[in-house]
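One structure is given below, represented as structure tokens, and several questions about it will come after.
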Amino acid sequence: MREWWIHVGLICIPLVAVYLHVPPPQLSPALHKWHSGGEVFHFRGRRIFYRDSYGALGSSDVVILLHGFPTSSYDWNKIWEPLTQRFHRVIALDFLGFGFSDKPRPHHYSVFEQASVVEALVARLGLSSQRVNLVAHDYGDTVALELLYRCVDQNRTGHLTLNSLCLSNGGLFPETHYPRLLQRLLKDSTFLAPLLTRLTNYMIFKKGIGEVFGPYTQPTDAEFWDMWTSLRYNDGNLVLDSILQYINQRLIHRERWVGALTSTFVPLHMIYGPLDPVNPHPQFIPLYRQLVQRSTVTILDEHISHYPQLEDPTSFLNAYFNFIHSF
């Protein structure tokens, strides 16, 4: 009997230690450089991290990059410099609850609030009267659709003027979106979620993220670690369940967001990695083409999955520049 309790204790003690506190990992030199190159502004008392780089001379074009879940603006690091050679300003932010931005808890995270964060940043940078180009991925796609809705809404409730919108591998349609198991557990389980957010470690995270990359385009160990570090910054792992309510919000507000996408005259483009298990081929693209007939589409090589801007940055850029030069 005594030996049984000893074994239980040996298992439970490290689990309790993990549950109570694990110090966040240190920033790598690459991630530290990204952080150092950014700034912070305040939105409703919360600190929001962003980067704003001036690039091409003789151009007034602005592009704003909206990242996905559960990562951060660092998702755009592989295409940042080429974008600065084409655009006058390249801007990206970490949404509230992500990356180097504040991660309040408890907090009701919503796509509507994130869209307002983007509008506040645009106003802060003096770009409210300028036409801007949006490039979005995953979670950022839905934020972009809310911004689009505010532009096309007849009451003109938005504070952003869109010149173009480029989407990539996002769950635009609930009927073709397949969240990962851990995401489903976190968004729906009020009992398990607090436990799972604390017990999720680097190996669980790495396995989950690795499953949405192609087998030949996996991140390096350093890249996996940077994703994990940005997630753990300010205890971001503890707000995952709250942020994941965006999946339920997509279902509730489908008519609003898909309606904006199908009715807009803003130039649209979709860049799609067809190996994506979250928005899989062939379900996703046929539905997109059927509903969004004004949009052009680029389907990347068959081995590219959910993170096309990281898995094949050259092809992603080529597709985007072809789109930008087409109108």
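For region 177-297, place one equal point scatterer on every Cα, skip the solvent, and apply the Debye formula. What is log10 of I(q)/I(0) at q = 0.13, 0.15, 0.19 Å⁻¹?
Here the Debye-derived log intensity ratios amount to -0.69, -0.89, -1.16.
Turning to a different aspect of this structure: Through the Karplus equation 6.51 cos²θ - 1.76 cosθ + 1.60, θ set to phi - 60°, convert the phi angles of region 135-151 into ³J(HN,Hα) values in whole Hz; use x for Gly and Pro.
Each residue of region 135-151 in turn: 10, 10, 9, 6, 3, x, 4, 5, 4, 4, 5, 5, 4, 5, 4, 5, 7 Hz.
Given a 1.4 angstrom probe, I'd like the percentage of the accessible area of region 135-228 that is carbon and sulfur, rounded to a whole number. Present the calculation step by step, with values, prior to reporting the outcome.
Numbers: 2400 of 4000 Å².
Carbon-and-sulfur percentage of accessible area, whole number: 60.
Nearest 500 deg cm²/dmol is fine: what mean residue ellipticity at 222 nm does the chain get from its DSSP H runs of n ≥ 4 alone, each adding -39,500 (n - 2.57), divided by its residue count?
Numbers: 15 runs with 143 residues, N = 327.
When only DSSP H runs of four or more count, the value is -12500 deg cm²/dmol.
Projecting each Cα onto the charge dipole of region 117-244 (Lys/Arg +1, Asp/Glu -1 at the beta carbon, about the Cα centre), which of Asn234, Gly126, Tyr139 comes out farthest on the positive side?
Of the options given, the answer is Gly126.
Relative to a virtual label point 7 Å from the Cα of Ser60 in the Cα→beta-carbon direction, which members of region 99-131 show backbone nitrogen distances below 13 Å?
The answer is 127-131.
Moving on to the next point. Relative to the longest principal Cα axis of the chain, at what angle does helix 254-263 sit, 0 to 90 degrees, rounded to 10?
30
Nearest 0.05, what FRET efficiency do Asn318 and Arg131 give at R0 = 25 Å with Cβ-Cβ as r? Before the final figure, lay out each step's value.
Working: r = 23 Å, r/R0 = 0.93.
That pair, Asn318 with Arg131, gives E of 0.60.
While we're here: Explain nothing, just the number: relative contact order of the chain, from Cα pairs under 8 Å at least 6 residues apart, as a whole percent. Numbers along the way, then the final one.
On the way: 561 pairs, mean separation 62.5, N = 327.
Rounded, it is 19 percent for the chain.
Still on this structure: Report the full-extension gain for the segment Ser53 to His303: residue separation times 0.36 nm, less the Cα-Cα distance, to one decimal in nm. Please list the in-between numbers first.
Working: separation 250, 0.36 × 250 = 90.00 nm, distance 3.16 nm.
That pair, Ser53 and His303, stretches by 86.8 nm at full extension.
How far is helix 221-232 tilted off the main Cα axis of the chain, in degrees rounded to 10, range 0 to 90?
Approximately 90 degrees, to the nearest 10.
Let me ask something additional. What are the ³J(HN,Hα) values, in whole Hz, obtained from phi via the Karplus relation 6.51 cos²θ - 1.76 cosθ + 1.60 with θ = phi - 60°, for each residue of region 266-273 in sequence order, with x given for Gly and Pro?
These are the phi-based 3J(HN,Hα) values: 5, x, 10, 8, 10, 10, 10, x Hz.
Please list 90-99, 173-182 highest first by mean number of surrounding beta-carbon atoms within 10 Å per residue.
The peptides rank, most packed first, as 90-99, 173-182.
Is there a quick way to get the dipole size of the chain? I mean about its Cα centre, with the Cβ of Lys and Arg at +1 and of Asp and Glu at -1; what is the value in debye to the nearest 20?
The calculated dipole for the chain is roughly 660 debye.
The values are calculated or read from the model by the stated rules, or taken from the named source; none is laboratory data. Everything quoted here is computed from the prediction, not taken from an experiment. Glycine also receives a Cβ, built like all others from the backbone with ideal geometry; neighbour counts cover every protein chain displayed. Note: accessible area is taken over every heavy atom of the protein model, side chains too, but ligands, DNA and RNA are not part of it. Shrake-Rupley method; radii C 1.70, N 1.55, O 1.52, S 1.80 Å.
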